[in-house]
Each structure stands twice: as structure tokens, then as C-alpha cells.
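Worksheet: the structure to be examined is printed underneath.
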Amino acid sequence: RSPAGMLLVAAGLLLAVAAGGRGSPAGEQESPPGSRFVCTSLPLDAAGAGCPLPPVPMQGGALPPEEELKATVLQLRETVLQQKETIGSQREAIRELTGKLSRCEGADGKAGAWKNEVGKGKDTMGDLPRDPAQVIEQLSRTMQTLKDRLESLEHQLRANVSYAALPSDLREMLQRRLGDLERQLLSKVAELEDEKSLLHNETSAHRQKTETALNALLERVSELEKGNSAFKSPDEFKVSLPLRTNYLYGKIKKTLPELYAFTVCLWLRSSASPGIGTPFSYAVPGQANEIVLIEWGNNPIELLINDKVAQLPLFISDGKWHHICITWTTRDGMWEAFQDGEKLGTGENLAPWHPIKPGGVLILGQEQDTVGGRFDATQAFVGEMSQFNIWDRVLKAEDIMNIANCSINMPGNIIPWVDNNVDVFGGATKWPVETCEERLLDL
């Protein structure tokens with residue numbers, strides 16, 4: 001053939017290859033049915049009409065046929081590559097649209113199914129409603145309807161036929177029915193009587209228990225009234241600790257706040273020897289000897305604060321009433337000791353700058369090794385005490401003298417001596433105390 005014919009044949013082959021490149025490899029995807037490619041030779045003058053080719057630049061005149069064919073093939077390859085890119089982009093667009101269409105169809109299908117499900121009516125086939133209230137209401141209506149029909153029949157029966165004119169079998173049936181109803185009524189009455197009897201018995205038992213509890217409370221109140229009747233005033237009592245044991249003691253119900261100074265005063269009488277023991281002790285968590293007044297063995301009376309010791313020049317083991325006052329301040333640990341209104345000693349550096357800790361336990365008659373317990377019988381106080389008062393300041397010497405000679409009655413502002421603030425344990429007792437003047441005569 002001529003070079004132009006060969007050119008057309010090559011163009012046709014390349015177009016066929018480009019068209020085949022749009023599909024998948026053999027065995028995966030075939031060309032759409034009913035389409036095929038036909039390669040035919042065209043005249044040279046018809047090539048531009050059916051498949052326009054880009055112009056080939058002319059350089060210095062006509063090219064040899066082989067060069068012209070190569071240039072044409074290169075142009076066709078570029079055209080084929082552009083067509084492949086266009087076809088690829090179109091395939092992506094088709095796949096995207098197909099996916100969107102599938103999702104739309106799926107959503108529409110679900111919506112339709114949901115609409116169909118909602119549109120379905122629930123056929124209960126005439127069943128009773130599931131709600132108990134509706135069931136009861138429906139049964140009530142049915143019973144009321146039957147009752148109305150029965151009353152209507154009875155009314156008609158009374159209006160048309162007298163009881164005497166009724167047939168004998170009907171009359172017997174009515175009598176049996178009335179007898180059954182009467183027996184049911186009597187049975188129900190008997191059940192109600194039994195329930196009434198049981199209720200009466202339970203009420204009687206409950207009443208008896210209530211009366212017993214009330215009687216016990218009345219007896220307790222009477223005991224308390226008798227116990228307090230011996231004291232003309234809430235502070236006119238004394239605590240008696242007659243034996244040296246580890247279980248007789250008194251306890252102050254109130255506790256101490258944090259103190260930076262204090263004054264402790266009390267009346268006491270003891271003839272025990274050697275040593276009077278422990279008139280009082282105050283213990284807090286972590287320190288059993290926060291405040292202790294003790295005379296143990298042949299040692300002099302000692303004041304302990306935060307386990308620090310000061311010896312006091314007091315002498316009170318003669319079996320007579322004595323008024324004792326002790327003052328202390330955290331400022332330089334200053335202390336004073338008064339006996340029967342007279343200052344007998346003073347000192348300093350007793351637990352200086354140590355505040356008394358709050359929330360502890362205050363015990364009369366025992367020394368505490370733990371908070372509120374573990375007493376030692378050899379350190380117990382034996383005798384009587386009264387008017388145990390604590391102030392949160394250092395009292396003046398003249399105030400202490402006036403208290404000791406019965407000129408004034410000055411209860412403590414932190415711990416006052418009142419009956420309902422003192423409990424006794426282990427055989428310790430409360431008794432009416434001698435008057436202040438009588439105690440003075442005992443000095």
C-alpha cells in the first residue's frame with residue numbers, strides 16, 4: 001500500500017487499542033454487548049473529516065514518509081493518553097454517582113419499611129387490654145351490666161307474677177339460693193369476728209407493753225427525783241471515794257477547750273497515807289498527763305502539765321477540809337499554789353508556751369495512763385471532794401481568798417460544779433455536802 005494508506009491503518013489500530021484500554025483485562029470485564037470496532041482504510045482526503053489529526057509542522061519542506069509516519073504516531077499516542085485520562089475521570093464520576101444512588105435507594109427502602117411498620121395496626125383480636133386498671137374497669141362495666149339486667153328481670157318478675165304463683169321447682173331453687181347466700185353471709189361474719197378478736201388481743205398486748213415501758217420510765221424519773229431531792233442547790237453536793245481501788249472514780253461530762261491559762265479550785269478532805277493519791281487528772285490523745293494533780297507515796301504534791309513536773313508546797317493529808325487553788329499560764333510557765341486562801345508557793349518554767357490541748361477526758365479520783373482509763377489503785381484518791389471549778393484565766397489572789405472564806409460563790413466559767421455535769425462510777429457516791437461555814441470550822 002501507499003504511505004498514506006499505511007498511516008490510516010496504523011491510526012485505526014491505535015484507536016482500537018485505546019478503546020480496548022477502557023476495559024479490564026481479559027476474563028474480568030468485556031465490552032458492552034452489541035458494540036465492536038471495525039478497522040477500514042479510508043481515502044486520504046476523508047481522513048480529516050472522520051478523525052481530525054493535529055497538523056504536523058513542516059520543517060524545510062516535505063518530510064520523508066517514514067518521518068511523517070513517526071510524527072503522526074506520536075501525535076496519535078498523545079491523543080490516546082488524553083482520551084484515557086478523560087475516560088478514567090468519567091469512570092470515577094460514574095462510580096461516585098452509582099454509590100450515591102445506591103445509598104439513596106437504601107435510605108428510601110428503610111424509610112419505606114419504617115412507614116409500612118408504622119402504618120400497620122396492632123390487631124389484638126379482641127383481647128382484654130394489658131393495663132390492669134383498664135381490665136378492672138372493663139370487668140366492672142360488665143358486672144354492672146349483668147347486675148342491671150338481673151334487677152330488670154326481678155322487677156319484671158315482681159310486676160307480672162306473685163311469689164305464690166311461681167312454679168314449685170323455681171321456688172325451691174330460689175330458696176336454695178337464698179340459703180347459700182345466708183350461709184356465705186354468716187361465714188363472712190364469723191371471719192370478721194375472728195379478725196376482731198385477734199385485733200383486740202394484739203391491741204391488748206401492745207397496750208400492756210406500752211404501760212410497762214411507761215411504768216419503767218416513771219420509776220426512773222422517781223429515782224432521779226429522789227436522788228436530787230437531797231441537794232438544796234445543784235452545787236451543794238460532794239463526791240465520796242471511800243476505797244483505794246482502780247474502779248472508783250468520778251467523771252466530768254464536759255471537756256476543756258484549748259487553754260493558755262487556767263485556775264483550778266476545789267475543796268477536798270483526805271486522811272489517806274502515804275499520799276492522798278490523785279484528786280484529778282486530764283488526759284488527751286497522745287498525752288495522758290496533760291494536767292495532773294497527784295501526791296503519790298512519800299513524794300510531795302506535784303502538778304504535771306504536758307508531763308512536766310512542779311512540786312507544790314501543799315499539806316492536806318490531815319483528814320480535814322481544805323480549799324486548794326492552782327493557777328498556771330503558758331507565758332513563761334508561771335504557776336501559783338494556794339491553800340485555804342493563802343498563797344504558799346509560786347514558780348515558773350512549767351511547760352512554758354504550751355497551750356492545753358482540747359477535747360480530753362477529765363477524771364476525779366484517778367490518774368489516767370490512757371485517755372479515760374487504765375487506772376492504778378496505788379495512785380487513787382481516797383476521801384471526799386466538792387466545788388471543783390475551772391476558769392480559763394488566772395484568778396486574782398483576793399478572789400481566791402474570798403472563795404476560800406465563803407465570802408463569794410464563784411462557779412468556774414469553763415467547768416462549773418453542778419450535779420448534772422458529774423457522773424460517778426464503781427461505787428463512788430454523791431452526798432449532800434457540809435455548808436461552806438462548816439468546812440471552815442473544820443480547818
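Within segment 388-425, if we keep just the residues that are open to solvent by 30 Å² or more (accessible area, probe 1.4 Å) and assigned to a strand (DSSP E or B), the residue that is farthest from Glu342 (Cα to Cα) turns out to be Phe425.
The set of residues in segment 326-385 that are open to solvent by less than 20 Å² (accessible area, probe 1.4 Å), assigned to a strand (DSSP E or B) and touching a residue at least 60 places away in the same chain (Cβ under 8 Å) comprises Ile326, Thr327, Trp328, Phe338, Ile356, Leu362, Ile363, Leu364, Ala380, Gly383, Met385. Within this structure, Leu243 passes the test of being open to solvent by 10 Å² or more (accessible area, probe 1.4 Å), under 20 Å from Ala377 (Cα atoms) and outside any strand (DSSP E or B).
Among the residues of segment 289-299, not a single one is surrounded by fewer than 22 Cβ atoms within 10 Å (Cβ to Cβ), among the β-branched types (Val, Ile, Thr), over 24 Å from Asp442 (Cβ atoms) and within 50 Å of the chain's Cα centre (by Cα). Across segment 249-283, the number of residues qualifying as over 20 Å from Ile324 (Cβ atoms) and open to solvent by less than 10 Å² (accessible area, probe 1.4 Å) comes to 1.
Within segment 303-318, if we keep just the residues that are within 10 Å of Leu350 (Cα to Cα) and not aliphatic (A, V, I, L, M), the residue that is most open to solvent (accessible area, probe 1.4 Å) turns out to be Lys308.
The values are calculated or read from the model by the stated rules, or taken from the named source; none is laboratory data. On a predicted model such as this, the values are computed, not experimentally measured, just so you know. In this analysis, Cβ positions are derived from the backbone assuming ideal geometry, glycine residues included, and neighbour counts consider all displayed protein chains. Accessible surface areas use protein heavy atoms only, side chains included; no ligands, DNA or RNA. Shrake-Rupley method; radii C 1.70, N 1.55, O 1.52, S 1.80 Å.
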